[in-house]
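Visitor: Okay, here's the structure, questions in a sec.
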Amino acid sequence: MKLSSEIEVLRDTVPNKSAEELIKELPQNATMRDIFDFCKRNNIHSLAQGMIELPPPKKLRDIAATICAGDENEIHQYRNRFGEEDYRDALVTLMQKRYEAPHITRDHILATAGVTGVLCSVLIYLKNEKGGSDKVRDLGLIVPFYTYHAKQITDVFGRTPVYVSSKEDFTPDWEAIHRALFEGNGLDLLIVTNPGNPGGNLWARDDLEKLIEMTGKAGCLLLMDEIYCDLIWREGYWSPVQMDKLPKHVIVARGFAKSLAAQSWRCGYAVGDPEMIDKLMKIHDPIYISVPWLQHAIGRYITNEYEDFDRHIKETGDLMQNNWKILAPAMQKALGWTPLEPSGSMYGMFYHHVSTDKEAIVHGLAKGVGVAPGSIFWPNNPDNTGYVRIHCGVSHEKAKEIVAALESAPNK
Ligand SMILES: Cc1ncc(COP(=O)(O)O)c(C=O)c1O
């Protein structure tokens, strides 16, 4: 299908714009931000973004307001470089109460500026430790990957990551992993996101244990991005934090941007061997100077309002799953896309069965909904990955409106 005829499909949905304007607004390599902005400008629902649309829990915001209005925490000052006591202690409590990780102590935890703060610190640590970018072996990413992991690696090292394929169902491709770790240059870092974004897949415990062993043998750091660890839809989630002794080469990155909808609060944390935590602090601190004072609010909320925290996570999870339950069949019916059942995260993927991701995106827009193209999560942004991704972190009313729009859209 030619671009112009793709765009023709949008004629009825956006009648006030010329084909040229539409092509400009939706270039061939449109990202989820382009699609989100396009939807906003043209009054179309968007599920392209990765931004949860629900507010943080009221009790958490109240605690933040009290801290902000009071004097006790001297919020004009720097925060402790490892993170404040109340935040780190709350995280230890979470490890014990929620994550089956009784061996994690305060020394294993570094407060960070979101999960991105962990990522950037690990990358810079590795570059410094090895004595420069050219001394570092390859940096690996499992495909499909979170777009910014690739960007951050490229920005820090001045070269693109090595992409390690997975199987069609997003389970590990052991041959590809073995090749990347032990053949050619080998890897100094492998990043794995669990649950996956965009895949919504979970790594089985056996597979993760095997990966930990293999990366250890290869002298490769394993960075687990577990930002979605609170958004799990089925049994069987496992994390290295549960090990009796977290191996020195494994670092886990977590945060509250998704589970507490605190995206701009920039409160995350790294879990690792205490020696590694110490080294990461020395990189993180001069870049970010402090993790925001909001860490006190999250710390106290977890410690004093654990039941509310638990309720919020459960309600958010139920909402996302209920949204997926109505959106998946409605999209399948209206667009012919085949849903892939997610096991966690905020997302759901579909096989779109048309010849390019862009064509699928335009069909979605013509039916009244914006979605993200698979291409942004694959190496070199191919025209056709066969996939699109939706985000389920919207209100149920909005999900129902999208279903109604899909049901009423004319067939073209
Ligand atoms: C896999 C993954 N890692 C990290 C982030 C960003 O995390 P933070 O906002 O805590 O830096 C996102 C946000 O979409 C994500 O999907």
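The values are calculated or read from the model by the stated rules, or taken from the named source; none is laboratory data. Quick caveat: nothing in here was measured; it's all calculated off a predicted structure. So basically every Cβ, Gly included, is an ideal-geometry build from the backbone, and we count neighbours across all protein chains shown. These area figures cover heavy atoms from the full protein model, side chains too; ligands, DNA and RNA do not enter into them. Shrake-Rupley method; radii C 1.70, N 1.55, O 1.52, S 1.80 Å.
Visitor: Calculate the all-directions average of the projected area of the range 128-201's alpha-carbon convex hull, and give it in nm².
Guide: If I average the Cα hull's projected area over directions, I get 4.9 nm².
Visitor: Equivalent ellipsoid semi-axes for the range 199-312, as square roots of 5 times the alpha carbon gyration tensor eigenvalues: give them largest first, rounded to whole Å.
Guide: The three semi-axes for the range 199-312 are 25, 21, 12 Å.
Visitor: While we're looking at this one, here's another question. Contact order normalised by length for the chain, with contacts defined as Cα pairs under 8 Å and 6 or more residues apart; what percent is it?
Guide: Contact order relative to length: 24 percent.
Visitor: Return the ratio Rg/(2.2 N^0.38 Å) for the range 142-263, where Rg is computed over Cα atoms only.
Guide: Cα Rg divided by the expected 2.2 N^0.38 Å: 1.03.
Visitor: Could you work out the relative contact order of the range 299-366, using alpha carbon pairs under 8 angstrom and six or more residues apart, expressed as a whole percent?
Guide: That works out to 18 percent.
Visitor: Provide Rg over Rh for the range 78-304; use the alpha carbon set for both Rg and the Kirkwood Rh (inverse mean inverse pair distance).
Guide: My calculation of the ratio gives 0.94.
Visitor: Under a 1.4 Å probe, what is the accessible area of the chain per residue, stated in Å²?
Guide: Result: 43 Å² of accessible area for each residue.
Visitor: Nearest-5 percent of antiparallel DSSP beta bridges in the range 78-304?
Guide: Beta bridges within the range 78-304, antiparallel portion: roughly 35 percent.
Visitor: First compute the accessible area of the chain with a 1.4 Å probe, then give the percent of it belonging to carbon and sulfur atoms.
Guide: Of all accessible area on the chain, carbon and sulfur atoms account for 50 percent.
Visitor: I'd like the orientation of helix 205-217 relative to the chain: the angle between its Cα long axis and the longest Cα principal axis, in ° from 0 to 90, rounded to 10.
Guide: Between the helix axis and the principal axis of the chain, the angle is about 60 degrees.
Visitor: Based on DSSP H runs of at least 4 residues, each adding -39500 (n - 2.57), what is the mean residue ellipticity at 222 nm of the chain after dividing by all its residues, to the nearest 500 deg cm²/dmol?
Guide: Here the helix-only value at 222 nm equals -13500 deg cm²/dmol.
Visitor: Further question: Could you sort the peptides 166-179, 219-232 by per-residue average Cβ neighbour count (10 Å cutoff), highest mean leading?
Guide: 219-232, 166-179
Visitor: Can you tell me the alpha carbon radius of gyration of the range 42-148 divided by the globular rule-of-thumb value 2.2 N^0.38 Å?
Guide: After normalising by residue count via 2.2 N^0.38 Å, the value is 1.47.
Visitor: Same structure, new question: What ³J(HN,Hα) values, in whole Hz, does the Karplus curve 6.51 cos²θ - 1.76 cosθ + 1.60 give for the range 31-47 when θ = phi - 60°, with x put for Gly and Pro?
Guide: 9, 5, 5, 4, 5, 4, 5, 4, 5, 4, 4, 10, 6, 10, 5, 10, 10
Visitor: Per residue, how much space in cubic angstrom lies within the convex hull of the C-alpha atoms of the range 296-345?
Guide: Considering the Cα atoms of the range 296-345, their hull volume per residue is 83 Å³.
Visitor: Exceeding 21 Å between C-alpha atoms, which entries from my cross-link table qualify? They are K130/K279; K210/K245; K17/K333; K258/K367.
Guide: Over 21 Å apart, Cα to Cα: K17/K333; K258/K367.
Visitor: Normalised by the residues of the range 78-304, what does the relative contact order come to in percent, with Cα pairs under 8 Å and at least six apart?
Guide: Averaging sequence separation for qualifying contacts and normalising by length gives 31 percent for the range 78-304.
Visitor: Helix 357-366 versus the longest principal axis of the chain: what angle, 0 to 90°, nearest 10, using Cα atoms?
Guide: 70 degrees
Visitor: Give the angle, between 0 and 90 degrees and rounded to the nearest 10, that separates the Cα long axis of helix 396-408 from the longest principal axis of the Cα atoms of the chain.
Guide: 20 degrees
Visitor: I would also like to ask the following. More than 19 Å apart: what percent of Cα pairs in the range 255-366 qualify?
Guide: Tail fraction, whole percent: 64.
Visitor: In whole Å and largest first, what semi-axes does the C-alpha gyration tensor of the chain yield when each eigenvalue is scaled by 5 and square-rooted?
Guide: 36, 27, 20
Visitor: Using the Kirkwood formula on the Cα atoms of the range 21-68, what hydrodynamic radius do you get, in angstrom to one decimal?
Guide: 13.2 Å
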